[in-house]
Amino acid sequence: MDVATLREVRLRVQGLRAPFDVSAPEVVRRFVAVQAQEFVPAQWGLAARVPRARRPDAAAVAAAIDDGEILRTHVLRPTWHFLHRDDARWVLELSAERVHRANATYYRRTGLEGADVSRAMDLVAAALEGGHRTRAELVAALEAGGMPKAGLGFTYVMMHAELERVAISGPNVGKQRTYAAFDERVPSAPPKPRAEALAELAARYLATRGPATDRDFAAWSGFTLGDTRQAFADAADRAGAHGGRIEEIDVDGVTHVLDVEAEALAAVSARSDDGVTAAVERGVVDLLQAFDEYIMGYAVPRSYLQPPGRTDPVQPEFPLHALMIDGVMAGRWAPVVQAKRATVRLVPWRRFTAREDHGLAASVADLESFFGVPATVEIERD
C-alpha cells in the first residue's frame, strides 16, 4: 500500500467519507474515545462524520452531551476526551493508573497527596450527591470542607475524581458546564480484565483509524509499545476467533496493522452498484478541528498529511484548525461565531482550483448549518 491509498482508507474508516455514522453518539461509540480538548470544535468534529441529510447542528450535539449519551472526561492521556456512556467505565478503569502516573508531578505540586486525596474525593462525592454542580459550586464545597482548591489545584482534584469514577461531566447550566456523580451517568458493568480491555481498545482503534503502526496506537492511547504489541496480537486472535482478520501490511517500508473487515466495509462506498471501483472524488475540502482524530489518532510526524514540499510535523495550533483537501493539509482556518453571524477565517497555503473552491463552499455551508447562522469567508495568505 502506498501513502495515497493509506490516506484514502483512513478517510473512509474515520467516517470523513461514506459510509458515515448515523448520529454524533454513534460516532463516539464507534471511535471509543474522541479527543475533545476544545469543547465546541470537538462537537463539530462529531457532526462532520454524520451524512449531510441528517447531520446534527450544534444544539443537537450539545443535547446529546446534556443527556449523558456523550460524556466528556480525562482519559487515556491527561486531556479531555468524549466517551460514550456505555464505554466510560471500562476505558477509565483501564487507563486511570497510567494517567495518574502522568499527573504525579502536578498532584505533588498542588498538594494532592496522602490523606488529602481521600478527603478531597469525599468532599466532591458529597457535593455531587445533591445534584449536578458547576465548577464554582465545587470550589465552594472544597473550601467549606477546609480544602481550598482553585485554579490548577481544582483542575487536578477533578481529574483525580474522574479517574477514580467519582465524577463525570454533567449537563450545561446556561453557558456553564457541570459535573455529575459518575454512577448517575454511567451504567454499571462488571470490570474487564486488563488484557481483555486493552485488546478491545486496540481492536476498535484499528477499526476506526487503521492502517496504523504500533507507535500510532501507543501515542494515541498513552500505553507503552510493549502493551501495544501485545494488544495488537490479542486483538488479532480475537478477530480470528470471530471470523475477522487483522493483518500487517507494508506502507512505504513501514509496517502497519489493518483490520481487513473494517477496511472492506468502508471500501464498499467507493464502488458503484455493479461492484466496479468508482473514481475517488477529488477537491473535497475538510475543515477539521485542530485535535481531530484524523490528526491526533496517529504519532508525529504524520507524513500522510503533508503536501509536497512541506516536511514540518503537523501539530495542533488552536485557535487555528486544519484545512484539508483530499486528506492533505492545505492550510489553517478558524471560526468566529457570534449571535447572528459567523466568520470563517482561512489561511491557505496555496491557490485553490475551481473544484476545490466548490468543495470549500460546501464545507462552509456545512458550518453554517451546524452553527445556525450565516457565515462569511475571510482569506489571509500564509
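DSSP bridge analysis restricted to the chain gives an antiparallel fraction near 90%, rounded to the nearest 5.
Counting only GluC sites (Glu not before Pro) that DSSP places in a loop and that have at most 14 other Cβ atoms within 10 Å, the longest clean stretch of the chain runs over 114-280. Please give the FRET efficiency for Leu320 paired with Ala144, using the beta carbon to beta carbon distance and R0 = 30 Å, rounded to the nearest 0.05. My answer for the efficiency is 0.10.
Computed from Cα atoms, the angle from the helix 135-144 axis to the main principal axis of the chain rounds to 20 degrees. Could you state the angle between the C-alpha long axis of helix 194-209 and the longest principal axis of the C-alpha atoms of the chain, as a value from 0 to 90 degrees rounded to the nearest 10? The two axes meet at around 30 degrees.
When the chymotrypsin sites (Phe, Trp or Tyr not before Pro) in the range 274-382 are filtered for DSSP coil states and for at most 16 other beta-carbon atoms within 10 Å of their beta-carbon, the remaining sites are Trp349.
Annotation for the range 316-382: trypsin sites (Lys or Arg not before Pro) lying in DSSP loop with at most 14 further Cβ atoms inside 10 Å of their Cβ are Lys340, Arg341, Arg350, Arg351, Arg381. Considering only Gly309, Gly114, Gly359, the mean-square fluctuation computed in a Gaussian network model of the chain, springs between alpha carbons under 10 angstrom, is largest for Gly309.
Between Ile70, Ile249, Ile295, the GNM of the chain built on Cα springs shorter than 10 angstrom shows Ile249 fluctuating the most.
Only Cα pairs within less than 10 Å get springs; with that Gaussian network setup on the chain, which residue of Thr178, Thr208, Thr353 has the largest fluctuation? Highest fluctuation of the listed residues: Thr353. Considering helices alone, the calculated mean residue ellipticity of the chain at 222 nm is -14000 deg cm²/dmol, with DSSP H runs of length four and up weighted by -39500 (n - 2.57) and normalised per residue.
Each value in this text was obtained by applying a stated rule to the coordinates, not by laboratory testing. Since this is a predicted model, take the numbers as computed values, not measurements. Counting neighbours? That spans all protein chains shown, and the Cβs are built from the backbone with ideal geometry, glycine included.
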